[in-house]
Amino acid sequence: LQTPNQETDDNTKVSNISTGKLVFPDKTVFTIDDSQRLVGLADLRKHTKQEPNLISRSHFTIYKKNEKYFIKDGVTNVQNKASENNTSINDKTLTGDEQELENNDKILVSDVEMSFEVWIIDSSGGTI
């Protein structure tokens, strides 16, 4: 992957923009921007085969800050508490602290596995 504003082998500057995507099991995609995106039962109910009560209404928050992407368990600007159920990133339980997300991280809530992807969009509008 090229990074934003990377120079190529012929020393031309490529102006790329990265955008974070949360990809659900059915390939539905949420774009992550500077505003906080709360993900919970309403988003995940159709993907679970387990009891829906294993998913909190406000399960995790995902957002972009300073060109990086982060996730917090249940926390939003309005609600400052963790979800009643766990969120795991790459098989590690998310704690109360924000965690930076990396390309291809796996997010697990109950039995619903989502992936976080960073898409690089080049100056012509194409995805790299």
Working out 0.36 nm times the residue gap between residue 104 and residue 121, then minus their Cα-Cα distance, what length gain in nm do you get to one decimal? 4.5 nm
Convert each backbone phi in the stretch 23-31 into a coupling constant with the Karplus relation 6.51 cos²θ - 1.76 cosθ + 1.60 (shift: θ = phi - 60°), then list the ³J(HN,Hα) values in order as whole Hz, x for Gly and Pro. 10, 8, x, 8, 6, 4, 10, 9, 7
Residue 94 long-range amide H proximity, modeled H, under 5 Å: 87, 88, 89
If you count only protein heavy atoms and use a 1.4 Å probe, how large is the accessible surface of residue 22, to the nearest 10 Å²? 0 Å²
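The values are calculated or read from the model by the stated rules, or taken from the named source; none is laboratory data. Everything numeric here is computed off the predicted structure, so don't read it as measured data. Surface accessibility is based on the protein's heavy atoms, side chains included, excluding ligands, DNA and RNA. Shrake-Rupley method; radii C 1.70, N 1.55, O 1.52, S 1.80 Å.
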